[in-house]
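Pasting a structure here, questions to come.
A short reminder: the numbers here are calculations on the coordinates, not readings from a lab. Model, not experiment: these values are computed from the prediction. Cβ sites come from the backbone with ideal geometry, for glycine too, and all protein chains shown count toward neighbours.
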Amino acid sequence: MFDTTIILAGIYLLGLSTAQIWYAVPLVVVISLVWGATRHERLTEIITHSVKSLLWVLTFMGIIFALIYVAGYFQ
Amino acid sequence: MTEITFPQDEGEPITVDLKHPGVAAFLAWLIPGAGHFYQGRKGKALLFFICIMGTFLFGLGLGRGRVVYASAKPGDYRWQYICQVQCGLVALPAAAQWLQTADGKDPFFVLCERYPGNYYDEDLQFKKITPENRDPQYSGPTLKDGFMAPPPGPVSLGNDPDVMSMWYFDYRHDYDMGLLFTVVAGLLNVLVIYDAAVGPAIITPLQKQLAQQ
């Protein structure tokens with residue numbers, strides 16, 4: 001029950017502000033790849049660094065998104 | 001020829017042949033990835049080319065060819081172009097358009113025409129001329145949007161309508177996103193130029209040790 005609620009809430013959140021938020025995804029992927037590639041020379045290390053950067057940025061954005069969304073209830 | 005070697009914790013040290021760093025940096029600016037291709041670092045060259053050109057062209061498409069332009073008009077100092085031009089050749093048509101339109105001439109590659117700001121019908125001022133709203137009686141000058149050209153006509157400093165505000169009205173958040181993508185592509189290419197000139201910023205075991213102390 002709790003899992004279903006979280007999934008539905010997630011789908012609802014992703015549907016909010018629709019298109020604009022999705023533009024961030026390719027941008028974050030590209031930034032992570034270029035950032036990783038300028039710090040390593042071997043492909044495996046580039047990919048590892050890029051994935052770590054990608055997850056870090058997405059988590060950070062997710063936290064900010066959640067904070068702003070919750071703050072909206074206290075307007 | 002410049003060769004640099006990075007010792008590793010495990011395995012073989014990494015050696016990078018930068019060839020002529022100045023030439024590589026110039027090529028990296030001209031076409032993203034070309035500097036690395038010249039140095040024989042073909043995998044990274046392909047990665048940089050796809051990432052940066054893809055981002056730049058996607059942004060340019062989102063902004064319908066209007067987000068990349070050079071201008072120094074009062075109220076429209078286009079600082080974003082300094083970032084965009086770091087992508088090199090692909091952003092240079094904007095400089096050519098700036099020179100072309102500087103003395104009031106029409107731009108190359110006209111995308112559309114607009115009614116001027118003094119057109120008698122206020123609802124159509126600065127609006128695109130389409131087959132539906134074309135005024136057969138009107139034979140005066142029109143404003144022409146050009147590919148990578150600055151907005152035609154005066155740019156208002158306040159809230160008065162002008163072509164720039166019409167671009168935002170026509171393309172809405174696509175215009176902002178297009179601007180963001182092209183600026184980010186240019187800034188990323190600065191990292192790529194640096195990588196081509198001095199090699200990757202690999203952290204060596206010695207640097208790790210020093211950082212821990």
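Once fully extended, how much extra length lies between B:C112 and B:I82, figured as 0.36 nm per residue of separation less the alpha-carbon to alpha-carbon distance?
8.2 nm
For chain B, what is the relative contact order in percent, using Cα pairs closer than 8 Å and at least 6 residues apart in sequence?
On the way: 334 pairs, mean separation 61.9, N = 213.
Relative contact order for chain B comes out at 29 percent.
What does the charge dipole of chain B about its Cα centre add up to, to the nearest 20 debye, if the Cβ of each Lys and Arg holds +1 and the Cβ of each Asp and Glu holds -1?
My answer is approximately 400 debye.
Sticking with this structure for a sec: For the protein assembly as shown, give the magnitude of the charge dipole about the Cα centre (Cβ charges: +1 Lys/Arg, -1 Asp/Glu; no others), in debye to the nearest 20.
Working: 19 positive and 24 negative charges, 93 e Å.
Dipole of the protein assembly as shown, to the nearest 20 debye: 440 debye.
Once Lys and Arg get +1 and Asp and Glu get -1 on their Cβ, which of B:G40, B:L99, A:L54 lies farthest toward the positive end of the dipole of the protein assembly as shown?
B:G40
Okay, next question. In terms of Cα to Cα distance under 27 Å, which lysines are near enough to B:K73, apart from those fewer than 8 places away along the same chain?
B:K105, B:K127, B:K128, B:K144
Using helices alone, I'd like the mean residue ellipticity at 222 nm for chain B: each DSSP H run of four-plus residues gives -39500 (n - 2.57), total over residue count, nearest 500. Please report the intermediate quantities before stating the final value.
Numbers: 9 runs with 88 residues, N = 213.
Rounded to the nearest 500, the figure is -12000 deg cm²/dmol.
May I ask which residue of B:V155, B:F109, B:M166 lies farthest towards the positive end of the charge dipole of region B:108-177, with charges of +1 (Lys, Arg) and -1 (Asp, Glu) on Cβ and the Cα centre as origin?
Checking the options against the dipole of region B:108-177, the answer is B:F109.
Another question about this same structure. Could you check the spin-label model distance between B:D176 and A:I63? Points 7 Å from the Cα along Cα→Cβ, value in nm.
2.5 nm
With the contact rule set at Cα under 8 Å and sequence spacing of 6 or more, what percent relative contact order holds for region A:21-75?
Rounded, it is 30 percent for region A:21-75.
Another question about this same structure. Once whole DSSP H runs in chain B are found, which of them have Cα atoms spread over 27 Å or more along the helix axis and a mean Kyte-Doolittle score of at least 0.0?
On the way: long enough: B:173-198 (38 Å, 1.28).
Those that clear 27 Å and a mean of 0.0 are B:173-198.
Shape call for the protein assembly as shown from the C-alpha gyration tensor, a ≥ b ≥ c root eigenvalues: rounded (a/c under 1.5), prolate (a/b greater than b/c) or oblate?
Taking the square roots of the gyration eigenvalues as a ≥ b ≥ c, the protein assembly as shown is oblate.
Putting +1 on Lys and Arg Cβ atoms and -1 on Asp and Glu Cβ atoms, find which of B:L27, B:G65, B:Y81 reaches farthest to the positive end of the dipole of region B:22-128.
Towards the positive end, the residue furthest out is B:L27.
Shifting gears a bit: Per residue of region A:49-55, in order, report the coupling 6.51 cos²θ - 1.76 cosθ + 1.60 (Karplus, θ = phi - 60°) as ³J(HN,Hα) in whole Hz, putting x for Gly and Pro.
Per residue, the Karplus-derived 3J(HN,Hα) values read 4, 5, 5, 4, 4, 4, 5 Hz.
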